[in-house]
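Everything below concerns the one structure shown next.
The values are calculated or read from the model by the stated rules, or taken from the named source; none is laboratory data. Predicted model only: the values in this text are computed from it and were never measured. Every residue, glycine as well, gets a Cβ built from its backbone with ideal geometry; the counts of neighbours run over all protein chains shown.
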């Protein structure tokens, strides 16, 4: 299991400390949530914070754009250090073009689906995806309750991947803990994003290791 702790839940007053903790842990990726207050009802951080995180780790930066008009910023996220760039299906009217541009810039291309969005919308681009991010909460805030329907959605997405002979990773974000993580792993998830579960733990590094063993 790939584990991508969400930096959104770290102590912003000690972001270097928490980045270094993740760097030295068994976490595979660092999940960076970028919110604009337009596509989602919250504002997080942008390029300066991403660049600062990049200075303190060489691990994969798994950047999730919860923003309107992501096409205007693809080059900037590449320059800031993103390795994986995930855009929302709901924010991209020309998704094929957006994904192509992300890959042309040398990043892995991902698509996130909100809880209400069916997986079938990805059928025409499944072959070109590197990652699909299933939102198991409504995007915008950490600490929300897991939406149980996401587990079946992961299983159906795995079947779609096989049917289209695609090779994307299946990642899940929202309400992930050891219980829900085990359910998602059984359904076919390849990567788990965890924020408050990791940073709210007495021993975040040990919690990451527990998720990785699922």
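Assorted remarks:
- Summed over the range 182-194, the residues that are touching a helix residue (DSSP H, G or I) at 6+ places or on another chain (Cβ under 7 Å) and either modelled with pLDDT under 95 or crowded, with 24+ Cβ neighbours inside 10 Å (or both) give a count of 4.
- Segments classed as helices (runs of 4 or more DSSP H), wholly inside the range 92-209, with at least 3 members that are touching a residue at least 60 places away in the same chain (Cβ under 8 Å): 196-199
- Only one entry in 102, 119 is surrounded by 17 or more Cβ atoms within 10 Å (Cβ to Cβ) and under 24 Å from residue 7 (Cα atoms), namely 102.
- Subset tally (residues that are within 23 Å of residue 101 (Cα to Cα) and crowded, with 21+ Cβ neighbours inside 10 Å) for the range 51-66: 6
- Test: residue in the range 76-83 that is in contact with a strand residue (DSSP E or B) (Cβ under 7 Å, 6 or more places away or on another chain), assigned to a helix (DSSP H, G or I) and either crowded, with 20+ Cβ neighbours inside 10 Å or at pLDDT below 95 (or both): yes
- Residues of the range 13-61 classified as without any contact (Cβ under 8 Å) to a residue 24 or more places away in the chain and outside any loop (DSSP other than H, G, I, E, B), total: 6
- Test for residue 6: is it closer than 29 Å to residue 156 by Cα and either under 12 Å from the mean Cα position of the chain (by Cα) or at pLDDT 95 or above (or both): yes
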